[in-house]
């Protein structure tokens with residue numbers, strides 16, 4: 001549950017209608033609600049971005065698993081198949097097989113990079129925080145001066 005900030009204008013009070021203490025309490029309550037809402041928004045946006053990062057990292061894990069577990073069985077099978085083509089140069093079959101496995105791991109790593117690259121900063125939170133700070137600054141500069 002996100003604390004809400006009233007969207008309606010506050011009722012206008014006549015000058016001297018409220019004490020300084022009640023005004024300070026009201027301002028403190030509004031600022032507290034605003035800060036809690038900003039924190040909740042930031043938490044929701046960061047959670048969504050972390051989920052994207054986890055999904056992208058799955059491709060890195062897949063790339064590592066393919067590169068490690070398939071090396072033993074697939075390497076030897078394909079290398080031996082190439083050795084049937086080049087019986088006098090057995091090393092060539094093993095080299096071609098190794099290149100194929102590196103290309104496969106590179107493609108999986110590139111797909112993971114593309115997913116992770118989509119992670120963005122919590123832009124709505126940053127924008128609303130800037131607006132809040134600007135509104136507080138305007139409110140402070142519009143306040144009547146207490147010095148004579």
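The values are calculated or read from the model by the stated rules, or taken from the named source; none is laboratory data. Note that this is a predicted model, so its numbers are computed, not measured. Ideal geometry is used to build each Cβ from the backbone, glycine not excepted, and the neighbour counts take in all protein chains shown.
Here are some notes:
- Against the numbered list (1) surrounded by 12 or more Cβ atoms within 10 Å (Cβ to Cβ); (2) in contact (Cβ under 8 Å) with a residue 60 or more places away in the chain, residue 101 comes up short only at (2).
- Among the candidates 124, 130, residue that is in a helix (DSSP H, G or I), free of Cβ contacts under 8 Å to residues at least 60 places away in the same chain and surrounded by fewer than 16 Cβ atoms within 10 Å (Cβ to Cβ): 130
- Verdict on residue 92 being farther than 30 Å from residue 20 by Cα and either over 17 Å from the mean Cα position of the chain (by Cα) or surrounded by 11 or more Cβ atoms within 10 Å (Cβ to Cβ) (or both): yes
- Residue check for residue 54: out of contact with any helix residue (DSSP H, G or I) (no Cβ under 8 Å at 6 or more places or on another chain), at pLDDT 85 or above and either surrounded by 14 or more Cβ atoms within 10 Å (Cβ to Cβ) or closer than 30 Å to residue 137 by Cβ (or both): no
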